[in-house]
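Some notes on the structure that comes next.
Read-outs throughout are calculated quantities, based only on the coordinates presented, and are distinct from any laboratory measurement. Please read these numbers as outputs of a predicted model, since none were measured by experiment. Note that each Cβ is placed from the backbone with ideal geometry, even for glycine, and that neighbours are counted across all protein chains shown.
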Amino acid sequence: MTPPSPPVDVLTDLDVLRAAATDRSGWPVTNPAGVLRPRDVSEVQRLLAWAHDTGTPVIARGAGSGLAAGAVGVTGALVLDLSGLDRILDLDADEQLARVEPGVITAELDAAASVHGLMYAPDPGSVGISTIGGNIATNAGGLRGAKYGVTRDHVLALDVVLADGTLIHVGRDTIKGVTGYDLVGLFTGSEGTLGVIVGATLRLIPRPVRTVTAAAYFPDIAAAARAVTAITRSGARPAVLEILDGPTLGAIDALEGTTLRDRGDALLVIQTDGFGAEEELGVITSAIAPLVTHVETATDPAGSEALLFARRRALPALEALGRTLIEDIAVPRRRLAEAVERIEAIAREEGVRVFVFGHAGDGNLHPIIVTERGPVDAPVRPQALAAADRIFALALELGGTITAEHGVGRLKRAWAERELGRDVHVLQLRLKGMFDPLGILNPGSSV
């Protein structure tokens, strides 16, 4: 008997397949068998029921802005493009929550919340293009993570379609609630391996009445890392605390025509907010005064955005230099200085260029390995791969993690067991088997 066809048209145009085969990780291109674009949740249910019956692998995908090859093409798989499910279903200003479909762009939700004096706090670097569903799937972080945490801290409830097409609702619309296991937390960060997120109830918070910003320059990255410790000890809690090394500043200067590196060989971008924003920033600038070479401050939105400019242009500046391997580790904040110094040593020893920036407020560093530009499907230089492996090993040695916010995907799957330990890794595989016994959801990704 001929197996039934999918309940939605399968797109097989070569341009569509190639677009669904890649993300920003540099993972080798493998075209999927087809792309599906459901128009509503019921179509997602029917698609997954069909995939379960036929044993067809399915990869859920949002904007394709991922950095760990978590939602890229796999031979024989169908990509489930959820970007068309992009409605903000409800924005409740009194309860300070929003109900959204997974294809809503993160910045658009924040803009809609701002009309009511509210804010959606997670602020990944891809905020202007990434989707809420993708952010939830990877538990994305971002610039405001130092104070407001990551995506998981703002997800109250989820609508999820399981591997066999069953639609479930987990969580609740209240801030508190402990009935049953925390399935919201389990699905958040699961990278589409346990179910497909088709709806979310998200927590909003009051938009700060004031925001002030400082750009503090230092003689080197190690001094900037020591300043992070000084800020932590000061008792202040910045909303944004970003770090950039000298080579990254030089790359921004080359792209934008700025002179950032003339002011110092490392930069901390610091932002405080709320009723005591100016006072809190004063505490911070006093704490780091012995270490800085230059400080600029701004108390108005335009000035603050100008000081944030360097951090927002860091990755585009490095991408302009060549092919980028965008890594994502986190270490205890007290070990930031050691981490960046040893990353510099790894770069020298492997003969590759490594640029470092990241979210210093929560110990999250992005060592970016830049190699010569070439065809998109060209293999990565062995020296670059060796440097990446050594950086992952360093993160674990220092008591950290191989991924703080980008996810494991396919890029770091081989490292997952090393970080988790065998017993925990086996437990995670058992959980995967319970939710997806046929292994059709995003095969080859995450654990």
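Counting pairs of alpha carbon atoms under 8 Å apart in space and at least six apart in sequence, what relative contact order in percent does the stretch 91-225 give? Could you put the intermediate results ahead of the total?
Numbers: 224 pairs, mean separation 40.2, N = 135.
Relative contact order, the stretch 91-225: 30 percent.
Only Cα pairs under 8 Å and at least 6 apart count here; give the relative contact order of the chain as a rounded whole percent.
Rounded, it is 17 percent for the chain.
Report, in whole Å, the centroid distance computed from the Cα atoms of the stretch 73-106 and the stretch 346-424.
Between the Cα centres of the stretch 73-106 and the stretch 346-424 lies a distance of 29 Å.
Could the peptides 140-147, 276-283 be put in order, highest first, of the mean number of other beta-carbon atoms found within 10 Å of their residues?
140-147, 276-283
If you wrap a convex hull around the C-alpha atoms of the chain and split its volume per residue, what is the figure in Å³? Before the final figure, lay out each step's value.
On the way: hull volume 65.4 nm³, N = 447.
Considering the Cα atoms of the chain, their hull volume per residue is 146 Å³.
What angle do you read, to the nearest 10 degrees and between 0 and 90, between the alpha-carbon axis of helix 382-397 and the longest principal axis of the chain?
The angle comes out at about 80 degrees.
May I ask for the angle, rounded to the nearest 10°, between helix 301-312 and the longest principal axis of the chain, with both axes built from Cα atoms and the value confined to 0 to 90°?
70 degrees
Report the net charge of residues surrounding Glu95, where surrounding means a beta-carbon distance below 11 angstrom and charges are Lys +1, Arg +1, Asp -1, Glu -1.
On the way: positive: Arg99, Arg203; negative: Asp90, Asp92, Asp94, Asp173.
Taking every other residue near Glu95 into account, the sum is -2.
What number comes out for the charge environment of Glu405, summing +1 per Lys or Arg and -1 per Asp or Glu over other residues with Cβ under 13 Å away?
My count for the surroundings of Glu405 gives -3.
With angles folded into 0 to 90 degrees, how steeply does helix 41-54 sit against the dominant principal axis of the chain? Use alpha carbons for both and round to 10.
Around 70 degrees separate the two axes.
Set Lys and Arg Cβ to +1 and Asp and Glu Cβ to -1, take the dipole of the stretch 88-206 about its Cα centre, and tell me which of Gly117, Ile105, Ala140 lies farthest positive.
Result: Ala140, furthest along the dipole toward the positive end.
Do you know the relative contact order of the stretch 208-407, to the nearest whole percent, from alpha carbon pairs under 8 angstrom that are 6+ apart?
26 percent
Please list 252-259, 307-314 highest first by mean number of surrounding beta-carbon atoms within 10 Å per residue.
Per-residue mean Cβ counts within 10 Å order the peptides as 307-314, 252-259.
Give the Kirkwood hydrodynamic radius (Å, one decimal) of the stretch 88-206, defined as one over the mean of 1/r across all pairs of different Cα atoms.
14.1 Å
For the stretch 166-199 and the stretch 127-156, what is the separation of their Cα centres, given in Å?
15 Å
Out of Trp27, Leu47, Leu17, whose Cα points farthest toward the positive end of the dipole of the stretch 14-81 (charges: +1 Lys, Arg; -1 Asp, Glu; placed on Cβ)?
Going by the charge dipole, the pick is Trp27.
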